[in-house]
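Remarks on the structure that follows.
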Amino acid sequence: MLSILLALAAAPALQNDGPLAIRAKAVWTGGGKVLENAVVVVDNGRIQAVGVDVAIPDGAELVEHDGVLTAGLIALHGATGAVGETRDGTRPALPEGRVGLAVDLRHLDFVALREAGITCILVTPDAAGITGGTTAVVKTAGGTVLRDPAHLSLVFSNEGLSGNTPPTSTSGALALLQNLFAEPRGIVAEARAGKLPCLFEVREREDVRRAIAFAKDKKLNGALHGAALAGEVAGDIKAAGLSVIVPALAIGTPKRTLDAVIRLQKEEIPLGFGLDTPWNHAEALRLSAVMCVRAGLDRQAAWEALTAGAARIAGIEARVGRIERGLDADLVMWSGDPLDVGSVARRVLIGGRSVAAQEEVR
Amino acid sequence: MTTTMTRATGAVTLTTACLCLATAAEAGEGRIAIHVGRIVTMAGPDIEDGTIVIENGRIQSVAKGAKGSWDAEVIERPDLVAFPGWVEAHSSRGMDRANENIEVAPFLDVRDSIDPINFYFEDCLRQGVLAINVQQGNMAAIGGQGRVVKPYGLTIEDMTIRPSSGLKLVATRPGRSRALQVQSLRRAFNELRIHLEKLVQDKKDGKDTARREALFQGRDPDKEENKKGRAMEGTATWKVKDLEGVPRGQVDEKQEPLLRLVEGKMMAFVACDGAISVVQALDIARENGFLANTVLVLEGDAWKAADRIAEAGVPVVLGPTLLYVERDPITGKEVETFVPGVFREKKVRFALQSINASAQSLWFQAASCVGYGIPREEALAAATKVPAEILRLGDRLGSLEAGKDGNVLLLSGDPLAVTTTVQYVVLDGNLVYDRSKDVRVQQIIEGVEQPNAAPASTGDEELDPHSGEKKPKSGPGGKKD
Amino acid sequence: MTAALFTAVLALAAVPVQEPEARAWTIQAERVYTGTGRNMERSIVLVRGGQVSAVTANADEEKERTQDVLRVYAVTAGLVDAGVRVTNWTSVEQSNEVTPNLRVADTLDPFALDWDRLLRSGVTTVLASPLDRNVIGGLGVVLKTAGPETIAARTVKADAVLRGSMGSDPSAGNHPAFGRPTDFYSRRPTTRMGVEWEWRKAFFDTALNHNENDPGRATLVAALQGKLPIFIQAWTTQDIRTAVFLREEVQTRPEFAAAGMNKPRFVIDAAAEAWKEPQLLARSQTGVILPPFPPAGRTRENAFMAWNTAKVLKDQGVAVALSSHGSGDLEQRLSVQAGYAMAGGLTFEEALAAVTSIPAMLLGVQDRVGTIEVGKDADLVLWSGEPFQPGARVVGTIVDGVLRYEGWTAVQGATVER
């Protein structure tokens, strides 16, 4: 018997551990494809089938969703669950520091992330010294660490400088970085060998150039984060084959910054959005994308940057980012077009379990 | 207060610096004939090989071949250029402290604060600035009376060219919001009105308070001008009825200067450092009847309100920074605006202020104007004739013409050239400055030698760097110490 | 914009555009001040391929005219400022007071506003140095103030000088260790003698090979051998003397001669009180860069700078360059510093040299910049009147043949035909 559970119910997590089928008015599978009135079958935490004519297995709960169903959003760059643990000021280089060990996966801050439709977040060490350690990708519910270490964080912005401890200057920082990579061991050796991508923390355009030069010299790959105007040196970034994590953009972001993001996309540089939690609210992630779309960014590119593109930058594309058979069932049922600020996440699933639900207001 | 100390040392400096030829000044009767190679009159074409004749402290004639009286002092310098003194239309220097921290104090007067031996005046004389309108600084809402002085004289009275040159009003005060500052200004005039209305009411009620207060303040109720009452005059948008019933002597002396301002009997110098403040200041001036006597003293981006200023027909005194730089919010690049050019275009009369009293004085500002395309005559006028007119002293200062005060600079070259120096200054027909006797300028130009400087090397000897003694020059790898 | 007539807007856009090719220009000027001693009236300077291709009187070379013609009152070579301060605290590694091998070029930002400000005042080549918080701060770089948007592309001479300081800058902010040392500021020198000791230690260690594994050794060796000039900041008389005596010590002590490291070349920057020691500087052949002239005598470190300093030094045969310390203010920019030097007694030619050919020579780039000569870089400043007078201003700046600053208006300053 099919029990029809209204998506409007205020019930907590779906209790049924068996298979789940969701029929949604529109399913965004990723890569720009939209399936109308399609069904997604979920079992054992994974997506089992996606399609218009998919058979609903026996015993499966059927959920009718009068809205859009998408993969969960992926926020790149934040400190949720690890606030206060992301900076070790005792030394400028702590490459072996793993922020993944510091994340409290049950922290209440994750609730806000879930409710905003964010299912994965890249937790990052502060841009301090020349490296604060490695990043980690965690799911926002269920206590899952998807990837740890995900990147080696390397600092090229003035944020890493201090008045009191070395390095106090840009050239001093570069000298320390050269030393670190001169005889690489451990994590640094992995990065040097190209096995571990790097997260280059930058701020000014000239920081971007320095980071690119260093990456070329040491044959590193990865993503740049923190430069609002990175797009103005997009040519250099493209030539280096790096990705860009766009910092969270608030209402009132200057046009020049938004134009810079659009330039990145025009040069076909892989993009993702950072969130910098807890200083920014979880909703700011989707808002960043909306701000860019309003300024002229291609909608599909914006959506990529929130989902599949972000997954690639975080190195987790084999698990999440699209609605595809075999990937984790991290799904969001939106009340409408997710790139419309008026839409909300009605229900969020991670690993097939409902982790957030929001009543419709009559 | 440090005045005692500084006065003592200052007096010593004054006499040893020999800035004034004291005997000549005392004996000088304001009678002198100056023959120079070129006279820049600021009243027509330059006169080559001309003579300026000054009698009784006033210019009698300016012409080629003019002759002075047989016993007049003569300065014969065909290598020099004569020029009228520069006029500083507004300055807050030369006082012991530029600011009083009373919000509304129109009863103060800079006469009580000007320090005749302040180095500022010495520098003004050296640079040829011969008339300075000293006003209170910008840390009040309504400051006191200013005064136009010359940079020479041992007492205020000796220095004064015109007392009570105008009240200082401040529309933008550092450290304060514009709203609060403008409100202070409005409140001051409101309180004046309330005071006057109360006077009228008390008079009608037969109360004696005002008279007693006036006595307490030291005003003589039987003096003619204090006995008469007069209806409120002027163009203010508010009037107090029946003011003629109140003897003027009974108006609180702390409010009385403001009343004169409102009645259009006094000038106002209003400091504004932004376009918004300009608009607010003009509104307040209009409402309170003193727009016709207003001079704006501008800084910052006040030039953006040039249209409004042109409409209101008030002259302006520009701040020391002539090049306004701001960042374009879209491109992030810096954009420069040459402020005097904006006012020239809008046909607003503008006077210049010096950057400092020493090396970058009014001549520097006028020269910068020429650099940015303002015709030479207008640039020179902005630091001579125009400030004189703005100060209502256009009949006495600003040019070398018969009838004007006998103030002349003798320059070593063109007034706007960087290598030109002021060689002599004649004030009211007396020679008061001779550069060759100015010890301090020699110190600035040539430095002050110290007793333990390294002595000159004669070539065969050199100094031992460790002992400082002379020894014969040694070759490379010379003897070890 | 109502004030358009008097607004000078820069020609560069924010979003980087395709680099313009070095243009060909014909510049007709009433006065061409070449800086070589040969000045010309009503002449033409031809620019091609980023270099000056000809300097001739009007009548000749008409057939070589280019399409773009600029008419202006006067032309000089682009000004050279060897003492700009365009760096901040991020340019000096203070965890170690002697860091000879760190390169300030790594810390410069081509997008900074300082470059455009310098361009507008006619400065085309500068020496950028680390901030003087270290005893020996690192390697300065000579670069143009405009060009492609990378430091590397603008560099004229990389690692051009070794920069350091005497006096109180390297010791300001340091403190003795009270109780436990809390940070490295307690280890750094706190007095002038401490600063001087660091210099001598660095030099002696190099000569005696005590710093074999130090990354800065090679730089110090080159400096002591005279291959790399040492620019040392010294405002007051005592600091100038200390610097000169230090050099003489290196020249005379046997430790240095034995190691072949006894020929250092010093240039003293910000030598405000150099007027007190002209003979000392002359006999040691030390070049000098002066700071901006203070209006009334006293300047930083309470040093007293006489206005005839440049003349006094020149008369003693000391090479003197002027500097604005990077200011764009009308009363402090480099062009007006030259005017002040003239007020202090220099002739126009001498003042011109002090802001063009002499600093170029001190920096070792005189074969490329500093004068208007055929074959040199086309770095030119266009003036509305006699250069260095406050009554004239910079109306255009050309760097490597490209017009980088257009400051003239429709009615004043210059005219151009394209």
Computed over chain B: longest principal axis from alpha-carbon atoms vs helix B:275-287 long axis, angle to nearest 10 degrees, is 40 degrees
Cα extents of segment A:73-314 along the three principal axes, largest first, in whole Å? 45, 41, 33
Within 10 Å, count the other beta carbons around each residue, average over each peptide in B:373-381, C:95-103, and list them highest first. C:95-103, B:373-381
At 222 nm, what helix-only mean residue ellipticity would chain A give, in deg cm²/dmol to the nearest 500, using -39500 (n - 2.57) for each DSSP H run of four or more? -7000 deg cm²/dmol
Using only helices, what value at 222 nm comes out for chain B when you add -39,500 (n - 2.57) per DSSP H run of length 4 or more and divide by the total residues, to the nearest 500 deg cm²/dmol? -8000 deg cm²/dmol
Could you rank the peptides C:311-321, A:151-161 by their average count of other C-beta atoms within 10 Å per residue, with the highest value first? A:151-161, C:311-321
Distance in nm between residue B:253 and residue A:341 label points, each 7 Å along Cα→Cβ, equals 6.4 nm
Name the shape class, rounded, prolate or oblate, that the alpha-carbon gyration tensor gives for the protein assembly as shown, where a ≥ b ≥ c are the square roots of its eigenvalues, rounded holds for a/c under 1.5, and otherwise prolate holds if a/b is larger than b/c and oblate otherwise. oblate
Per-residue counts of other Cβ atoms within 10 Å, averaged by peptide: what ranking do you get for A:332-342, C:229-239, C:141-151, B:282-292, highest first? C:229-239, C:141-151, B:282-292, A:332-342
Mind giving me the FRET efficiency for residue C:347 and residue B:412? R0 is 25 Å, r the Cβ-Cβ distance, nearest 0.05 is fine. 0.95
Along Cα→Cβ, 7 Å out, is where each label goes; now give me the distance between the ones at residue B:67 and residue A:221 in nm to one decimal. 10.3 nm
Computed from the beta carbon distance with a Förster radius of 60 Å, FRET efficiency for residue A:255 and residue C:285 to the nearest 0.05 stands at 0.60
At R0 = 56 Å the Cβ-Cβ FRET efficiency linking residue A:96 and residue C:178, nearest 0.05, sits at 0.95
When Rg is the radius of gyration of the Cα atoms in segment A:28-136 and Rh is its Kirkwood radius, what does Rg/Rh come to? 1.15
Using the crude model of +1 on Lys and Arg Cβ and -1 on Asp and Glu Cβ, and no other charge, please compute the dipole size for segment C:80-363 relative to its Cα centre, in debye to 20. 280 debye
Give the distance, in whole Å, between the Cα centre of segment C:77-114 and the Cα centre of segment A:110-157. 35 Å
Need one word for segment B:85-398: rounded, prolate or oblate. Basis is the Cα gyration tensor (sqrt eigenvalues a ≥ b ≥ c); a/c below 1.5 gives rounded, then a/b vs b/c decides. prolate
Residues of segment A:222-236 with amide N under 13 Å of a point placed 7 Å along Cα→Cβ from residue C:153: A:233-236
Quick one: angle between helix B:362-371 and the longest Cα principal axis of chain B, in degrees between 0 and 90, rounded to 10, please. 80 degrees
Can you give the Rg and Dmax of chain C based on its C-alpha atoms, in angstrom? 22.2, 80
Subtracting the Cα-Cα distance from 0.36 nm times the residue separation, let me have the gained length for residue B:395 to residue B:242 in nm, one decimal. 51.3 nm
Would you mind checking C:201/C:311; B:168/B:239; A:33/A:219; B:150/B:254; B:254/B:347; A:219/A:266 for any pair whose Cα atoms are more than 32 angstrom apart? C:201/C:311; A:33/A:219; B:254/B:347
Less than 20 Å apart at the alpha-carbon level, and either on another chain or at least 8 residues along: which aspartates and glutamates does that give for residue C:276? B:446, B:449, B:461, B:462, B:464, B:469, C:239, C:248, C:301, C:315
Using Cα pairs closer than 8 Å and at least 6 residues apart in sequence, work out the relative contact order for segment C:149-306, in percent. 21 percent
If I ignore ligands, DNA and RNA and count only protein heavy atoms, how much of residue A:105 is accessible to a 1.4 Å probe, in Å² to the nearest 10? 40 Å²
Rounded if a/c is under 1.5, else prolate if a/b beats b/c, else oblate: with a ≥ b ≥ c from the C-alpha gyration tensor eigenvalues square-rooted, which is segment A:171-228? oblate
Hey, what number do you get for chain C at 222 nm if only DSSP H runs of n ≥ 4 count, each worth -39500 (n - 2.57), divided across all residues, to the nearest 500? -6500 deg cm²/dmol
For segment B:128-225, how big is Rg over Rh, using alpha carbon atoms and the Kirkwood form of Rh? 1.11
Per residue of A:169-182, count partner chain C-beta atoms within 10 Å of its C-beta, then hand back the mean as an integer. 6
Spin-label pair residue A:183/residue B:435, simplified geometry with 7 Å Cα→Cβ offset, distance in nm: 7.0 nm
At each listed q (0.18, 0.23 Å⁻¹), what is the log10 of I(q)/I(0) that the Debye formula gives for segment A:291-360 modelled as equal alpha-carbon point scatterers? -0.81, -1.12
Segment B:390-444 and segment A:65-108 have their Cα centres apart by a whole-number Å value of 74 Å
By how many degrees, 0 to 90 and rounded to 10, does the Cα axis of helix B:178-205 deviate from the longest principal axis of chain B? 40 degrees
What whole number of Å gives the distance from the Cα centroid of segment B:173-204 to the Cα centroid of segment C:192-247? 67 Å
Which of the GluC sites (Glu not before Pro) found in segment A:221-269 are in a DSSP loop and have at most 15 neighbouring Cβ atoms, other than their own, within 10 Å? A:267, A:268
Evaluate segment C:280-418: find the radius of gyration of its Cα atoms, find its Kirkwood radius, and give the ratio Rg to Rh. 1.00
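The values are calculated or read from the model by the stated rules, or taken from the named source; none is laboratory data. Being a predicted model, the structure only gives us computed values, none of them experimental. Cβ: placed from backbone, ideal geometry, glycine included. Neighbour counts: every protein chain shown. Remember, those area values only see protein heavy atoms, side chains included, never the ligands or the DNA or RNA. Shrake-Rupley method; radii C 1.70, N 1.55, O 1.52, S 1.80 Å.
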